[in-house]
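The values are calculated or read from the model by the stated rules, or taken from the named source; none is laboratory data. Computed from a predicted model, the values in this text were never measured in an experiment. Virtual Cβ from ideal backbone geometry, glycine too; neighbours counted across all protein chains shown. Keep in mind that these areas ignore ligands, DNA and RNA; they rest on the heavy atoms of the full protein, side chains included. Shrake-Rupley method; radii C 1.70, N 1.55, O 1.52, S 1.80 Å.
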Amino acid sequence: MLTGSPERRTVSLSDSLRKLLIVARRINSDHLSRFVRSELNGYDAEATLPEARVPAGLKVSVRFDGPGGAVDYVHVGQLELPKPLAGVLSDNGFREPLAELEALANNDADSDPRLELPYYWVHLYREHAAKNEVPHIKFMVANRAFIRMPRTILQGVLDRVRTQALDLSLDIEQVAADAGEPSGPTVQDKPELAEVVDRYILVNAAAGSTVTIGNDATVASGLRPSV
């Protein structure tokens, strides 16, 4: 199998996923092919992101300007923001192709990547600050806001994707050692292989996505059951 052994760290994640795409094509799994292509090519603005691409614990940094050119920052998390403002954190995630995320994570620049928020968000923050509903600095005005994307978080996202792909490769190898070979089995003629692939997508795909499990045409949602 093409990806049955752990990848060395010198192999990029995007190259590893391309090998997994070859496996997906050879086992004739359209579900897996679409999922891997989305990871490689990135997700469009309307797509719901997989959990691995939605980092937790991000904060908005709000820049305040005051008299005499004074500048200071307030860093606020999702729980400190009212609903109209908190959406930028709950809906935020990494939609870029894996190669771009790898480049950002390995960038040796002095500052971390960041996402600038639009002025209307800043204006709304000002309105809530005037009502003492959000953290602010007296006698200073909020003028800019951005979400900082620490490279450590980016690296964590990539590591989760890498681990998930490796888990799938090993699971596939367990049920069919020759899966991914030109003359190997497909999901149509080996039910166990179909179950492994669809279970992977069910767990790792975006919430709300659907896959057909096995040969019984049972449609399952990507939403996870509560424990």
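Restricting the search to the stretch 148-193, which residues are touching a residue at least 12 places away in the same chain (Cβ under 8 Å) and of a type in the set (D, E, K, R)?
ARG148, ARG151, ARG160, ARG162, ASP167, ASP171, GLU173, ASP178, GLU181, LYS190, GLU192
Based on what the data block shows, is LEU170 closer than 19 Å to ARG18 by Cα and at pLDDT 90 or above?
yes
Say we look at the stretch 166-193 and pick out the residues that are within 30 Å of PRO55 (Cα to Cα) and surrounded by 21 or more Cβ atoms within 10 Å (Cβ to Cβ); which of these is nearest to the chain's Cα centre (by Cα)?
Among those that are within 30 Å of PRO55 (Cα to Cα) and surrounded by 21 or more Cβ atoms within 10 Å (Cβ to Cβ), it is LEU168.
State yes or no: is ARG148 modelled with pLDDT of 95 or more and either at positive phi or open to solvent by 20 Å² or more (accessible area, probe 1.4 Å) (or both)?
Spelling it out, it is not the case that ARG148 is modelled with pLDDT of 95 or more and either at positive phi or open to solvent by 20 Å² or more (accessible area, probe 1.4 Å) (or both).
Can you find, within the stretch 138-152, the residue that is farthest from GLY66 (Cα to Cα) among those that are in contact with a helix residue (DSSP H, G or I) (Cβ under 9 Å, 6 or more places away or on another chain) and among the hydrophobic types (A, V, I, L, M, F, W, C)?
Ranking the candidates gives MET149 first.
For MET140, all conditions in the list (1) at pLDDT below 95; (2) open to solvent by less than 70 Å² (accessible area, probe 1.4 Å) hold save one; what is the number of the exception?
The single condition MET140 does not satisfy is (1).
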